[in-house]
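Some notes on the structure that comes next.
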Amino acid sequence: MNDLRSKEISFLLNSISDAVLFETHEHTILFVNRAFCEFFKIEAEPSVMIGMNCSNAAVESANMFKNPAFFLSRIENIYANLEPVLNEEVKLSNGTSIYRDYFPWFDEDVLCGHLWIYKPAIATKDVISQSETQRSFYEHLINNVPADIAIFDLSHRYIYLNKTGLANDETRNWLIGKDDFDYCHHMNKHISLAKNRREKFQEALRKNETVEFEEVNLTRDKKKVYNLRRFTPIQGTSGKIEYVIGYGINITRIKESEEVVSQNYEYLRELVDSIGQLVVTIDTAGNIIYVNPQWTNVTGLTGKEVAGKSIFSYLQQGVAGFYKNLDLALQNKPSKELKEMRVVISDSNQQPRTLSYYITRFTQIISADKIFAVFFTDITDQLNAEKELMNAAIKERNLSELKTNFMTMVSHELRTPLSVILSSTEILEMKYDRIADVDLTFERTYLSRIVDQVDKMTHLMNEFLFISKIESGKIMAQYADVDVQTLVQQLMNELYMPWKDGRTLNLEYKGVPRNVLFDASMLRHILTNLLSNAFKYSPSTPTPPLLKIRYSKQHWYITVIDRGIGISKEDQKAICNPFVRGTNVGDIEGTGLGLMTIQFFTDQHSGVKMLRSAPGKGTIVVLKFPYHIEKARKND
């Protein structure tokens, strides 16, 4: 039976194409097949070689190989290592290759022999090439996955680790068969890293399920690196865990984004907590979720006290409007009824406070629930101030009307005696004219003074009455096309050709003349006041005032220049107020109303007044008016 088994094994090994040599540990041949004899050109039959010593066989056949010395040293190395060799390529002297397998034979840890197999290159190379191609493909794929991938045995030793997990090839190869404690010691990292991983690894084995955890490491420049790691046990066909896959991904950017979001949230929270408005967030049913400190400051109720309670329970007035606006906000429609955007609540002293508000809707990220933020503004003090202002305005209006009525009455009452005085003076003048032989120079002088003073009184009453009408809003501009040049010429002929002191007004035009939209009476008043002031406040200057009229594309200008006493900067601040005059006017007569009326008439025509002056150097007044008054008002 043993002889038959030996024949069967011999037949089987002789039938395969691979060259096979089986020797004892002392290099005595136990079996050699025909393919081995043919490959190494041994003319003896395989059966004859059994029992022979083959210690020198490698030396005798070394010349068959491309590098005999390397072939022999490799054989010695294989004998010394006693580790299996699979598909090792061996170059022949003719340029071709064969592949070699080697297996040491142990019987209860005692070396008994060596099995050598030499395989033809073509078939083996195809198989190896396919295997290597697949291996390279999957290895390339795994090495380029943007995540750490490792395979561990059940003792938490590394079986495989991709390049993303550890880029250094030498260190990565060194780590195979070792664990994270070895890694931490080798890389000078804190042992807590290995302890934490071991704890999670054992938890995954114990629960037989994936365990996930976050890990924080520091780079060389002390920057934090966050990794999300998982240990996943893998079961074999028997249902038992055979190995564990470790997976890690860098989540530093995610964590940094979370920190930014958290910082922004805190910033917004601080902003909401610090603003002067009362901020309340509610759900779709009106139940309170959050209130800011300003709500507590006004109502005396904290967030804990009102949380979950209906906002409507705190509204004393405006409930219907608030409910309607809340419904519109739910539909994402803007409220058009702004007058209803007010409610009344009680403050901490149980006093009513009126609040204006607006509602904005947003959606919670996680639950997708609709939430409303209501921004209340306490307008109680504003309403009280408006009421007081309205009452003051009414009193002011009444006072203004009373003053206007009084001035009208005084004017009417004074006109009669002034008229009597003036008419009496004129009668006296007529009588004096009939007396021929008597010198009445003295008497005529006093009559002339009476007439002058009556004229001044009449002018002053007209100015007072005019100012009262302005203040009461009874004077409105009557716009019409006005020929400025014609109006200026009329004034020159009436008043300034020459002026009382003999000086004549200088006149200058620039641009293309055109009619302007203006109130002719007001324009006459403006020019008369400006020119009269220019002459009046430059009495000792031989140079007469200059009037410039300039036309541009969009505006036209009135400029009056004199070389008179000028106005100080301090006086310029209030010079347009009624009854205010410069401190340097001396004995020059005036009421302090001229510039006020000029400012009023300028405003009526959307104009702009510019004044430049210095004491002793004269004054320049520039008035700028638009051609299209209504358009200018819309732009303003």
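The values are calculated or read from the model by the stated rules, or taken from the named source; none is laboratory data. A quick note: this is a predicted structure, and the numbers were derived from the prediction, not measured. Cβ atoms come from the backbone with ideal geometry, glycine included; neighbour counts cover every protein chain shown. All accessible areas refer to the heavy atoms of the entire protein, side chains included, with ligands and DNA or RNA removed. Shrake-Rupley method; radii C 1.70, N 1.55, O 1.52, S 1.80 Å.
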**OP:** Would you mind calculating the gained length between Lys395 and Met610 on full extension (0.36 nm times residue separation, minus the Cα-Cα distance), in nm to one decimal?
**Re:** 74.1 nm
**OP:** May I ask you to list, by number, the DSSP H helices of the chain whose Cα span along the axis is at least 27 Å and whose average Kyte-Doolittle hydropathy reaches -0.5 or more?
**Re:** 121-143, 380-434, 441-471
Subject >> Convex hull volume of the chain per residue (C-alpha atoms, cubic angstrom) >> reply: 395 Å³
Original post:
Accessible area of Asp18, 1.4 Å probe, to the nearest 10 Å²?
Top reply: 40 Å²
**OP:** Return the ratio Rg/(2.2 N^0.38 Å) for the range 499-538, where Rg is computed over Cα atoms only.
**Re:** 1.42
Original post:
How much of Trp295 can a 1.4 Å solvent probe reach, expressed as accessible area in Å² and rounded to 10?
Top reply: 0 Å²
**OP:** Only Lys, Arg, Asp and Glu count, each charged at its Cβ (+1, +1, -1, -1), so figure out the dipole size of the chain about its Cα centre, rounded to 20 debye.
**Re:** 2760 debye
Original post:
Stokes-Einstein at 37 °C, 0.692 mPa s, Kirkwood radius from Cα pairs: D for the range 472-562 in µm² s⁻¹?
Top reply: 233 µm²/s
Subject >> Residues in the range 292-307 reached by a label modelled at Asp347 [backbone nitrogen below 20 Å; 7 Å Cα→Cβ] >> reply: 292-303
**OP:** Counting residues in the range 523-606 as N, plug N into 2.2 N^0.38 Å and put the Cα Rg over that result.
**Re:** 1.14
Original post:
How long are the three semi-axes of the equivalent ellipsoid of the range 475-623, in whole Å, if each is the root of 5 times an eigenvalue of the C-alpha gyration tensor, listed from largest down?
Top reply: 24, 18, 14
Subject >> Intensity falloff of the range 248-311 expressed as log10 I(q)/I(0), Debye formula with alpha-carbon point scatterers, at q = 0.19 Å⁻¹ >> reply: -0.75
Subject >> Ordering of 353-359, 585-591 by burial proxy (mean other Cβ atoms within 10 Å per residue, highest first) >> reply: 353-359, 585-591
**OP:** Count charges around Pro146 for me, please; just the other residues with Cβ under 14 Å from its Cβ, Lys/Arg as +1, Asp/Glu as -1.
**Re:** +1
**OP:** Could you tell me the accessible area of Glu443 in Å² (1.4 Å probe, neighbours in place), rounded to the nearest ten?
**Re:** 70 Å²
